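Peer 1: Sharing a structure with you now.
We did not get these values from a lab; they are worked out from the coordinates using the rules stated. Not measured: the values here are computed from a predicted model. We place every Cβ from the backbone using ideal geometry, glycine too, and count neighbours over all the protein chains shown.
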Number of protein chains: 2
Amino acid sequence: MNKLLDAFKQTTFQVNGHGPRKIQVLKEAFENLDGQLESEMYGKGKLIEDFQEKMAFVLGKEAAVFFPSGTMAQQIAMRIWCDEKGLKKVAYHPLCHLEVHEEDGLRELHQIESVLLADKTRVIEFEDVAGMKEDAACVLLELPQREIGGQLPDYQTLEAISAYCKEKGIMLHLDGARLFEILPYYEKTAAEICSLFDSVYISFYKGIGGIAGAVLAGDSDFIEKSKIWKRRHGGDLISLYPYYLSADYYFEKRIGKMKQYYEHAKELAGFYNQCYGVTTKPEVPVSNMFHVHFDAPKEEMEQVLTEICVESGIGLSGHIREVTETNSYFEVSVGDLYEILPREKLMDAFKLLDEKMRTKFL
Amino acid sequence: MNKLLDAFKQTTFQVNGHGPRKIQVLKEAFENLDGQLESEMYGKGKLIEDFQEKMAFVLGKEAAVFFPSGTMAQQIAMRIWCDEKGLKKVAYHPLCHLEVHEEDGLRELHQIESVLLADKTRVIEFEDVAGMKEDAACVLLELPQREIGGQLPDYQTLEAISAYCKEKGIMLHLDGARLFEILPYYEKTAAEICSLFDSVYISFYKGIGGIAGAVLAGDSDFIEKSKIWKRRHGGDLISLYPYYLSADYYFEKRIGKMKQYYEHAKELAGFYNQCYGVTTKPEVPVSNMFHVHFDAPKEEMEQVLTEICVESGIGLSGHIREVTETNSYFEVSVGDLYEILPREKLMDAFKLLDEKMRTKFL
């Protein structure tokens with residue numbers, strides 16, 4: 001089947017993430033919860049309302065609502081802003097989740113067109129927004145920009161874009177799937193960053209490591225409208241507690257570790273950059289994530305990475321993707337596993353990587 | 001707040017359902033599952049595929065896919081059939097879930113119009129379908145028709161509608177939210193009933209008593225298309241296992257008890273019908289559910305039902321709804337709780353109900 005993934009799963013130590021997505025993740029979250037707690041009913045009930053209020057507070061917004069997915073939450077945010085502005089157009093990055101991962105739901109379900117800002121190699125800058133050739137009801141910024149390794153604009157750029165949008169009456173939405181992961185770099189609170197945006201979405205299964213689910217936050221009127229659209233999308237389940245109770249558990253477990261993940265990501269990227277034919281994007285990470293690029297084709301790197309799994313017992317990645325015929329990459333998100341890696345084993349793995357790259361490609 | 005619901009929650013015995021929706025429902029389902037089982041990833045993986053294959057087999061269809069909600073599954077089924085027929089119109093009952101409980105998602109997200117069959121007081125008959133004044137891409141039948149107490153047409157009517165739709169090239173979809181609950185009445189298997197339909201949706205939190213979630217089944221091409229729409233709707237979560245593993249657990253626990261629930265429902269309806277000013281709809285249930293109608297206003301019945309909770313320790317219902325200013329009703333779904341009710345306590349409650357109705361309203 002997939003030789004690399006199989007070898008990766010059999011390693012003693014894996015470098016990225018919080019560990020495999022096993023159902024133990026759910027069992028752990030519920031282990032110490034009282035079974036007599038009552039489920040919410042279609043979004044109403046103490047458990048879900050408490051969690052939503054907590055998240056509204058964390059994000060510095062009037063209100064928040066829990067969604068089964070970010071795909072649903074963000075399409076709905078776009079729809080509400082488009083309806084409010086009477087303009088079915090939103091502006092975002094060419095590698096925005098809505099553009100590349102949602103089977104064109106925004107167009108197919110909401111008839112909303114996209115205006116693409118910047119190009120696929122870099123983040124959106126102030127000039128991209130100020131120089132937009134078409135009107136848009138909303139600008140969406142993804143922080144960090146995941147598909148280019150998790151890059152970020154300067155904080156001053158965010159402030160300038162926010163002020164510009166406010167002046168021009170353009171709504172500004174934050175795709176904050178990895179919002180908590182960038183706080184150490186910006187040295188800001190989540191609420192400080194969110195204050196630049198009219199609406200914000202956050203995810204609970206990236207750095208937080210929950211099972212699934214998202215929160216959309218904004219002013220109360222916006223959130224009330226989003227609940228109607230949530231029902232229309234089929235997201236207003238009778239019980240969402242398996243997700244938001246786990247989200248809350250892992251939020252509490254990991255929210256204080258984002259700085260550690262960030263520092264570890266910088267260290268780990270440094271190890272990759274010391275190897276022949278290997279570079280990271282960004283060179284110095286600005287969150288817990290980055291991409292590792294190889295000057296070598298996907299198939300050959302699969303072989304190299306598989307050998308490292310077998311020879312060192314260290315799994316650097318279970319996946320690798322083609323960039324071009326001669327280049328490939330994988331994504332790294334640092335989580336809980338990194339801190340328990342024996343340092344000398346990790347060094348062995350990087351020594352192997354450098355040797356194999358030199359032998360094969362120098 | 002709600003006096004009746006509060007009193008109901010404090011009763012020793014409750015007549016309807018499987019018990020309160022507490023998080024113990026999730027904990028019980030996962031208690032004996034191995035924590036090392038691996039989550040699916042966005043719909044792909046052994047656990048979800050095994051469950052989907054099992055449900056496809058139970059329903060006698062080529063393929064099945066798990067959805068977070070029936071709202072999502074059914075809108076998508078309607079969209080696929082409308083696209084296939086090049087006609088944005090579907091026909092269903094005026095009290096169909098899509099018409100009354102989904103904030104008009106079918107129109108707002110899919111621009112699909114509805115043709116209403118029959119009227120609000122009765123089920124759809126053959127003549128309603130054959131006499132349709134407008135073309136429709138699809139006819140949707142809900143079995144049993146929940147909002148009128150869970151009524152059913154004759155099985156011969158289903159066969160006739162199915163043959164007619166096949167002849168006319170109209171797709172036939174089954175809203176089988178309570179499909180398993182009607183098998184004892186029809187004396188058919190789920191697959192036999194589903195063979196009359198092109199597509200079918202079933203739910204896991206009605207008679208099955210799971211947490212949430214639905215399955216959509218049909219031929220393979222239809223199901224592949226539904227997966228693309230599931231992604232567009234924001235329903236293709238990275239992990240849906242909290243729902244489908246619970247669904248499977250409670251399916252196994254309760255699928256064999258549908259006949260018992262049905263027999264108990266008939267008995268219970270009989271007790272109600274013996275009381276003054278009380279009738280059930282249908283008079284003799286055809287599934288585990290029915291509605292109890294009172295010749296008395298909602299507010300007065302709230303008082304009566306609250307008193308019965310306090311005086312007998314038996315909770316007949318925690319809710320009551322207005323029909324008109326002088327009539328009210330509540331819904332009954334018989335589940336696991338009925339069998340553990342002490343018979344003499346139940347008789348006390350009905351004696352009280354009859355006495356109070358006579359005293360107040362005779």
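Peer 1: With charges only on Cβ, +1 for K and R and -1 for D and E, what is the dipole size of the range A:40-238 about its Cα centre, in debye, rounded to 20?
Peer 2: Roughly 460 debye for the range A:40-238.
Peer 1: The range B:231-281 to the range B:186-224: how many Å between their Cα centroids?
Peer 2: 14 Å
Peer 1: What is the spin-label model distance, in nm, from residue B:107 to residue A:115 if the labels are put 7 Å beyond Cα along the C-beta direction?
Peer 2: With each label point 7 Å from Cα toward Cβ, the separation is 3.1 nm.
Peer 1: Count, for each residue of B:267-275, the Cβ atoms from other chains sitting within 10 Å of its Cβ, then give me the mean as a whole number.
Peer 2: Mean shielding by partner chains, rounded to a whole number: 0.
Peer 1: Point me to the residue of chain A whose C-beta lies closest to the A-onto-B rotation axis, rounding the distance to whole angstrom.
Peer 2: Output: A:242, 2.
Peer 1: Can you grab the distance from the C-alpha centre of the range B:105-138 to the C-alpha centre of the range A:133-167, Å, no decimals?
Peer 2: Distance between centres, Cα-based: 46 Å.
Peer 1: What list of ³J(HN,Hα) couplings, whole Hz, do you get for the range A:314-325 from phi and the Karplus terms 6.51, -1.76, 1.60, once you set θ to phi - 60° and write x for glycine and proline?
Peer 2: Couplings: 10, x, 6, 7, x, 9, 8, 10, 6, 9, 10, 5 Hz.
Peer 1: Would you mind telling me the antiparallel percentage of the DSSP bridges in the range B:158-298, rounded to 5?
Peer 2: 65 percent
Peer 1: Shifting gears a bit: In whole angstrom, how far apart do the alpha carbon centroids of the range B:36-64 and the range B:286-362 sit?
Peer 2: Using only Cα atoms, the two centres lie 41 Å from each other.
Peer 1: Let me confirm one metric for peptide B:67-74, namely the mean number of other chain beta-carbon atoms within 10 Å of its residues' beta-carbons.
Peer 2: The mean count of partner-chain Cβ atoms within 10 Å per residue comes to 5.
Peer 1: Follow-up. Taking the label point as lying 7 angstrom from Cα along the Cα-to-Cβ axis, what are the distances from residue A:325 to the corresponding position in the remaining copies, in ascending order and in nanometres?
Peer 2: Spelled out, the distances from residue A:325's label point are 8.3 nm.
Peer 1: Shortest first, in nm, what separates the label point of residue A:311 from those of the same position in the other copies (7 Å along Cα→Cβ)?
Peer 2: Once sorted, the set of distances for residue A:311 reads 8.5 nm.
Peer 1: If I take R0 = 30 Å and measure r between the Cβ atoms of residue A:134 and residue B:134 in this structure, what FRET efficiency does the formula 1/(1 + (r/R0)^6) give, to the nearest 0.05?
Peer 2: Computed FRET efficiency for residue A:134 and residue B:134 comes out at 0.15.
Peer 1: Sticking with this one: Picking from B:36, B:199, B:327, whose Cα lies most toward the positive end of the charge dipole for the protein assembly as shown (charges on Cβ: Lys, Arg +1; Asp, Glu -1)?
Peer 2: Positive-most Cα among the choices belongs to B:36.
Peer 1: When Cβ neighbours within 10 Å are restricted to other protein chains, what is their mean count per residue of peptide A:237-250?
Peer 2: 5
Peer 1: On to the next question. Non-local amide H neighbours of residue B:22 (under 5 Å, H modeled in plane, Pro and chain starts lacking H): which ones?
Peer 2: HN-HN under 5 Å from residue B:22: A:39.
Peer 1: How large is Rg over Rh for chain A, taking Rg from the Cα atoms and Rh as the Kirkwood inverse mean of 1/r across Cα pairs?
Peer 2: Dividing the radius of gyration by the Kirkwood radius yields 0.98.
Peer 1: List every residue whose amide H lies under 5 Å from the amide H of residue A:315, counting only residues 5 or more places away in sequence or on a different chain, with H placed 1.01 Å from N in the peptide plane.
Peer 2: When sequence neighbours closer than 5 places are left aside, the close amide H contacts are A:13, A:14, A:15.
Peer 1: If you plug each phi of the range B:280-296 into the Karplus form 6.51 cos²θ - 1.76 cosθ + 1.60 with θ = phi - 60°, what whole-Hz ³J(HN,Hα) values come out, in order, with x for Gly and Pro?
Peer 2: These are the phi-based 3J(HN,Hα) values: 10, 10, x, 4, 10, x, 10, 7, 7, 10, 6, 10, 10, 9, 10, 7, 7 Hz.
Peer 1: Give me the dipole magnitude in Debye, nearest 20, for the protein assembly as shown about the Cα centre, with unit charges on the beta carbon: positive for Lys and Arg, negative for Asp and Glu.
Peer 2: In total the dipole reaches around 540 debye.
Peer 1: For residue A:45, place a label point 7 Å from Cα along the Cα-to-Cβ direction in every copy; what are the distances to the other copies, in nm, shortest first?
Peer 2: 2.3
Peer 1: I would also like to ask the following. For residue B:281, which aspartates and glutamates qualify as cross-link partners when the Cα separation must be under 12 Å and same-chain residues fewer than eight apart are set aside?
Peer 2: Cross-link targets: B:147, B:331.
Peer 1: Distance from a point 7 Å along Cα→Cβ of residue A:28 to each backbone N in the range B:11-46: keep the residues under 12 Å and list them by number.
Peer 2: Counting only backbone N, you get B:36.
Peer 1: Could you rank the peptides A:321-329, A:182-190 by their average count of other C-beta atoms within 10 Å per residue, with the highest value first?
Peer 2: In descending order of packing, they fall as A:182-190, A:321-329.
Peer 1: Still on this model: Might you report the magnitude of the Cβ-based charge dipole of chain A about its Cα centre, with Lys and Arg at +1 and Asp and Glu at -1, to the nearest 20 debye?
Peer 2: My answer is approximately 400 debye.
Peer 1: Still on this structure, I have one more. Using only Cα atoms, what is the ratio of the radius of gyration of the range B:40-238 to 2.2 N^0.38 Å?
Peer 2: Scaled against compact globular proteins, the figure is 0.95.
Peer 1: Using 26 Å as the Cα-Cα cut-off, could you pick out the over-long pairs in A:166/A:188; A:253/A:298; A:27/A:257; B:22/B:188; B:61/B:85?
Peer 2: Table pairs above 26 Å Cα-Cα are A:253/A:298; B:22/B:188.
Peer 1: Using a Förster distance of 22 Å, how high is the FRET efficiency between residue B:156 and residue B:100, based on the Cβ-Cβ distance and rounded to 0.05?
Peer 2: 0.20
Peer 1: Ok, one more. From the residues A:286, A:350, A:238, which one has its Cα farthest along the dipole of the range A:219-362 in the positive direction, the dipole being from +1 and -1 charges on Cβ of Lys/Arg and Asp/Glu about the Cα centre?
Peer 2: So the residue we want is A:238.
Peer 1: Under 18 Å from a point 7 Å along the Cα-to-Cβ line of residue B:295: which residues of the range B:342-362 have their amide N that close?
Peer 2: Hits in the range B:342-362 for residue B:295 at 18 Å: B:353-362.
Peer 1: List, in order, the whole-Hz ³J(HN,Hα) value for each residue of the range B:182-198 obtained from phi through the Karplus relation with A = 6.51, B = -1.76, C = 1.60 and θ = phi - 60°; use x for Gly and Pro.
Peer 2: Once rounded to whole Hz, the list reads 9, 4, x, 5, 6, 6, 10, 7, 4, 5, 4, 5, 5, 5, 7, 10, 7.
Peer 1: Could you order the peptides B:92-99, B:297-304 from most to least packed, using the average number of other C-beta atoms within 10 Å per residue?
Peer 2: So the peptides B:92-99, B:297-304, ranked by packing, come out B:92-99, B:297-304.
Peer 1: Another question, then. Positive end of the charge dipole of the range B:40-238 (Lys, Arg +1 and Asp, Glu -1 on Cβ, about the Cα centre): tell me which of B:186, B:211, B:157 has its Cα farthest that way.
Peer 2: Going by the Cα projections, it comes out as B:211.
Peer 1: To the nearest 0.05, how large is the calculated FRET efficiency for residue A:344 and residue A:188 if R₀ is 41 Å and r is the Cβ-Cβ distance?
Peer 2: Working from the Cβ atoms, E equals 0.65.
Peer 1: For the Cα atoms of chain B, what angle does the longest principal axis make with the long axis of helix B:258-273, in degrees from 0 to 90, nearest 10?
Peer 2: Tilt of helix B:258-273: around 40 degrees.
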